[in-house]
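A.B. asks: Can you keep this structure in mind? I'll have questions shortly.
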Amino acid sequence: MNGSESGQRGSVATQPSDPHTLRTVLFPSSVNAPHPLGFPHQVSHTYSAGAACQHAVSITSLMPQLANALASKQGFVYIREDAGPSPIHEFVQAFSRDGSVDLGNGCRLIGAYAPPPQKQSVFSPLWTFQVYDANLEASFEVPVTEVPFTDLANPSNRTEQLIHLNNCMDTHLRALPDAFKDSTACPSILCPEYPRLAQLLTAQEECLGKQHRGELGCRESIDWICAAEELLQTISPENPRFRGEESCDFESFFRRTGVYNLGLQTLPFSIGQHNFNAAEAGVIRGFKRHLPDPKAKANMRSNLPSPPYTSHTQRLGLDTGAPGPSMPQWLRYRDIGRAYKEPVRQMQCASQAINGLLQHGAVTPELFSQHLAVSRLHTLEQLGIRLDVQKGMTHPKVMAAVIDGRSVEISKQEFLGPTPLALDIATEQTPLDSWKALINLSPVGRGKNWVQNSEELHTIERLTITPDMWVSAQRGAETTELLTLLNHQLAVHQEEYLPAQMTHWSTRDHQGDIQGLEALARQAVQNHRDFPIVIRTGAESGHFQTIVPDSKGNWLTLNSDGIEHAGVQTCNRWCGPGELTASFQRAGVSDILIPQQSNARRGALHAESNRQ
């Protein structure tokens, strides 16, 4: 089995002085090929090589090596000793304070968080990293899997470790963004404290890929072991043979999972074949190989929606009924009813509205809570209210932590103060109401109401308040607060197709001007410029969302609509051409933020309104 080494190994891979390095190896997608044939007929694996480290290596130090894994949307699997802190948790904590990371190839890491516990299993990725791809003008949620093992290097644990890792790889592959499941790059595998395990898992994954694609007909367990050992000569030239119990581990894995059955049948030429579940990890492994199979292709031609190696742009739907090549990608999305939107990761729709307008997840909950906290302090200062005596959500201890982007532990007595029912002018909530809201957002009080669980919840005397909880417990954001942060983000990102600034209108004061916005939007889209509108339904406790036009005059809403993943996806229609004014009246829109217009444009707007 031929393979070629490339990329990140260099001359330091075998030097013990280098505590950890990643090696990338390319394998041809056919056992008959003398060398890798290039995309789409090759598969690349990146994994730990070099000497073992005494402790888990920080993700920050590895980020230059992991940039490709995130930019390719494949993510990585970090295997470590259970004892000691989680390096990924430490990275996420630091990232929430420091901001985005340039990954190269037009990609940036813009977010990192842990999914809700109810969406996790013992095998599932424990982290989600958000990657913005400027080439596709879209953000993607990339899985990052952390696998802690007790007694990591003990050879007697190897069988159970490999079986467990196989299940973890299954769930990791299923969690990849749909458009990148068939990428020839595989998720990177890290095990700095015991690189040998990363190498064994890589051999296991490559064998499974060939097996699932029908290229490795293992009828007996010895066939599997021989194939894996042949792979190890390329994957681990320092230790090209099994040692100790490793071959038995592969044999045990082979027997317990019934892999031999897969060698008796090939997968369909296209992952889109309706008889197979595209989400199955085995199909994803096989599909990464992109093997040409003319016979299978001829038999299935009528059922194939597209070749398996179409570009990511095509798989995202950009070629479905899209106009000519001169149209920018964001508008191609728009004209087939697709755009970037994201779920509400905290109880604040304002940050979601901004990210929808920017078309990527630029504003994190931490950033939004920091902005909101500074605004609250400014309100108190303008009113001449002493900051050092505040309680509840504007307690100095809490505000300092939120502005720094960190969590803070505080007692109930300290938070409530002597007047728990006094109204906090900055947040328009009493300390007691805020305390109850924070408890319901905490792990111990989530999902418990104050009627049936009153006794239990009242006994909670201390809380750790995160920026996420703090912003979620707010009654809401003011339109001016959203506008300030939005205009700051527009100034930072300066995308050519986005407005330079937004301005605020009250629908009550501009009733006659709203219909003219449709003409401005049509003209903007014709010039390949976006014309987003942020709307607020309701008044005191309103809801923000962004609506955007397509080239046909329709308006799409970027509201979360119960979605679970951020990224480019199908959007609901807000209204059709000529229906903007009626839609605002029907939805009770009180305020809107629109692209700021020059004096000449404002005159044209009035003229258009008068004609209509």
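A.B. asks: Starting from the Cα coordinates of segment 38-93, work out the convex hull volume and express it per residue in Å³.
C.D. replies: On the way: hull volume 6.0 nm³, N = 56.
Residue-normalised Cα hull volume stands at 108 Å³.
A.B. asks: Something else now. Given that compact globular proteins tend to follow 2.2 N^0.38 Å, what is the ratio of the alpha-carbon Rg of segment 325-449 to that value?
C.D. replies: On the way: Rg = 18.7 Å, N = 125, 2.2 N^0.38 = 13.8 Å.
Taking N as the residue count of segment 325-449, the ratio is 1.36.
A.B. asks: Between Glu230 and Ala153, what length in nm is gained on full extension when 0.36 nm per residue of separation is reduced by their alpha carbon distance?
C.D. replies: Numbers: separation 77, 0.36 × 77 = 27.72 nm, distance 2.30 nm.
Value of the extension gain: 25.4 nm.
A.B. asks: A further question on this structure: Taking a 21 Å limit on the Cα-Cα distance, which of the listed pairs Lys210/Lys288; Lys391/Lys412; Lys181/Lys552; Lys412/Lys448; Lys288/Lys341; Lys73/Lys552 fall beyond it?
C.D. replies: Values: Lys210/Lys288 10 Å; Lys391/Lys412 11 Å; Lys181/Lys552 32 Å; Lys412/Lys448 18 Å; Lys288/Lys341 28 Å; Lys73/Lys552 32 Å.
The answer is Lys181/Lys552; Lys288/Lys341; Lys73/Lys552.
A.B. asks: Taking all protein chains together and a probe of 1.4 Å, list Lys436, Lys552 from the most accessible to the least accessible.
C.D. replies: Working: Lys436 60, Lys552 120 Å².
Descending order: Lys552, Lys436.
A.B. asks: What are the residues whose amide H is under 5 Å from the amide H of Thr430, where those residues sit 5 or more places off or on another chain and H is modelled from the backbone?
C.D. replies: For Thr430, the qualifying residues are Asp424.
A.B. asks: Rolling a 1.4 angstrom probe over the protein chains, ignoring ligands and nucleic acids, what is the accessible area of His493 in square angstrom, nearest 10?
C.D. replies: Accessible area of His493: about 60 Å².
A.B. asks: Further, regarding this structure: Can you compute 3J(HN,Hα) from phi for each residue in segment 186-191, using the Karplus curve 6.51 cos²θ - 1.76 cosθ + 1.60 with θ = phi - 60°, rounded to whole Hz and x for Gly and Pro?
C.D. replies: Values, residue by residue: 9, x, 6, 10, 10, 8 Hz.
A.B. asks: If I compute solvent accessible area with a 1.4 Å probe over the protein chains, what percent of it on segment 54-174 is carbon and sulfur? Each step should come with its number before you reach the end.
C.D. replies: Working: 2450 of 4700 Å².
With neighbouring chains kept in place, the figure for segment 54-174 is 52 percent.
A.B. asks: So what's segment 152-198 giving for Cα Rg divided by 2.2 N^0.38 Å, two decimals? Intermediate values should be presented prior to the final figure.
C.D. replies: Numbers: Rg = 12.8 Å, N = 47, 2.2 N^0.38 = 9.5 Å.
That ratio works out to 1.35.
A.B. asks: Also, I was wondering about something else. Within segment 511-600, report the GluC sites (Glu not before Pro) that DSSP leaves as loop and that have at most 10 other Cβ atoms within 10 Å. Walk me through the numbers on the way to the answer.
C.D. replies: On the way: sites: Glu518, Glu540, Glu564, Glu579; in loops: Glu540, Glu564, Glu579.
The qualifying sites are Glu540.
A.B. asks: If you take the Cα Rg of segment 128-217 and divide it by 2.2 N^0.38 Å, with N the number of residues, what do you get? Intermediate values should be presented prior to the final figure.
C.D. replies: Numbers: Rg = 15.1 Å, N = 90, 2.2 N^0.38 = 12.2 Å.
Normalised by 2.2 N^0.38 Å, the Cα Rg of segment 128-217 equals 1.24.
A.B. asks: May I pose another question? If you put +1 on each Lys and Arg Cβ and -1 on each Asp and Glu Cβ, how big is the dipole of segment 144-201 around its Cα centre, in Debye rounded to 20?
C.D. replies: Details: 4 positive and 7 negative charges, 25 e Å.
Using only the charged Cβ atoms, the result is roughly 120 debye.
A.B. asks: What span do the alpha-carbon atoms of segment 375-438 cover on each of the three principal axes, reported in whole Å from largest to smallest?
C.D. replies: 28, 27, 18
A.B. asks: How big, in percent, is the set of alpha carbon pairs in segment 385-516 lying more than 27 Å apart?
C.D. replies: Working: 3179 of 8646 pairs.
In whole percent, the long-distance tail amounts to 37.
A.B. asks: Name the long-range amide H neighbours of Arg80: under 5 Å, sequence gap of 5 or more, or other chain; modelled H, no Pro or chain starts.
C.D. replies: HN-HN under 5 Å from Arg80: Val147, Phe149.
A.B. asks: Using the Cα centre of segment 447-598 as the reference point, and only Cβ charges (+1 on K/R, -1 on D/E), how large is the resulting charge dipole? Debye, rounded to the nearest 20.
C.D. replies: On the way: 10 positive and 18 negative charges, 68 e Å.
That gives segment 447-598 a dipole magnitude of about 320 debye.
A.B. asks: Take Cys186, Cys168 and sort them by solvent-accessible surface of the protein heavy atoms, 1.4 Å probe, largest at the top. Each step should come with its number before you reach the end.
C.D. replies: Values: Cys186 25, Cys168 5 Å².
Greatest to least solvent exposure: Cys186, Cys168.
A.B. asks: Among Gln494, Gly516, Ser506, pick out the residue whose Cα is farthest towards the positive end of the charge dipole of segment 472-518, where Lys and Arg carry +1 and Asp and Glu carry -1 on C-beta, about the Cα centre.
C.D. replies: My answer, from the dipole projection, is Ser506.
The values are calculated or read from the model by the stated rules, or taken from the named source; none is laboratory data. Owing to the predicted nature of the structure, the values given are computational and were not obtained by experimental measurement. Virtual Cβ from ideal backbone geometry, glycine too; neighbours counted across all protein chains shown. The protein model used for the area step is the full one, side chains on, heavy atoms only, and it has no ligands, DNA or RNA in it. Shrake-Rupley method; radii C 1.70, N 1.55, O 1.52, S 1.80 Å.
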